[in-house]
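Presented below is the structure to which this report refers.
Readers should treat all values here as calculations from the given coordinates under stated rules, not as data from a laboratory. Just so you know, these numbers come straight off a predicted model, no measurement behind them. Methodologically, a virtual Cβ is constructed for each residue, glycine included, from the backbone with ideal geometry; neighbour enumeration extends over all protein chains shown.
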Amino acid sequence: MRTIASFTVNHDTLTEGMYISRIDGDVVTYDIRMKIPNGGDYLPTPAAHTIEHLFATYARNSGWSEQVVYVGPMGCRTGFYLLVRDSVSHEDAIKLVQDSFAFIAAYEGEIPGTEKWQCGNYLEHDLSEAKRAAADLCRHLTGWTVEKLQYKA
């Protein structure tokens, strides 16, 4: 079998930030990297679950809601994928991620979609850790530009 694109990225040089992972037709996949791969510090599952709920809720209620295809966590617990239609400019995608994570970092209240009938693991959430991780990513994404969306060799 062929090696998939995400396994060709050099994880030894990858740092926190936002990158274009791939473009498939009219869908752009962004790599929202919150932790350094293989760095020993990973997103705790409850925090990642909470970020997923808040990120997806915010993105799907934003001005780009109709162009959001998918928001979801990476299995390695180092970040998230955001898939959007290519009608969303790279500048707007950066802004959407910055706004989403600022929203998460400041969030107070009930986590959306956490009733038993709404979620397959409704008890496993951690808002305080999600807020901390989101605030950390916000610091990394300050001043992020389209030029920084390319993976470093």
message: Kirkwood Rh over alpha-carbon pairs of the chain, then Stokes-Einstein at 37 °C and 0.692 mPa s: what D in µm² s⁻¹, rounded to an integer?
response: 208
message: So for the chain, if I pair up every lysine 8 or more residues apart or on another chain, how many of those pairs have alpha-carbons under 25 Å apart?
response: 9
- line: Per the charge dipole of the range 36-153 (beta-carbon charges, Lys/Arg positive, Asp/Glu negative, Cα centre), the residue among VAL97, ALA48, ASN38 reaching farthest to the positive end is ASN38
query: Fewest to most neighbouring Cβ within 10 Å: what's the order for THR78, THR13, THR29?
result: THR13, THR29, THR78
- request: May I ask for the angle, rounded to the nearest 10°, between helix 45-59 and the longest principal axis of the chain, with both axes built from Cα atoms and the value confined to 0 to 90°?
  value: 80
field: Sparse-neighbour loop sites [trypsin sites (Lys or Arg not before Pro); the range 1-35; at most 15 other C-beta within 10 Å; DSSP]
entry: ARG2
query: Gaussian network model of the chain, Cα springs within a sub-10 Å range: biggest mean-square fluctuation belongs to which of GLU52, GLU16, GLU66?
result: GLU66
Degrees between helix 90-106 axis and first principal axis of the chain (Cα, 0 to 90, nearest 10): 30
message: Just to be sure I understand the model, the point goes 7 Å from the Cα along the line to the Cβ. What's the resulting ARG60 to GLU91 distance in nm?
response: 2.9
query: Angle between the Cα long axis of helix 127-141 and the longest principal axis of the chain, 0 to 90 degrees, nearest 10?
result: 30
task: Could you please state, rounded to a whole Å, how far the C-alpha centre of the range 78-119 is from the C-alpha centre of the range 30-71?
output: 6
- line: HN-Hα couplings for the range 109-124 via Karplus (6.51, -1.76, 1.60; θ = phi - 60°), in whole Hz with x for Gly/Pro, come out as x, 6, 6, x, x, 10, 7, 3, 6, 9, 9, x, 8, 4, 8, 9
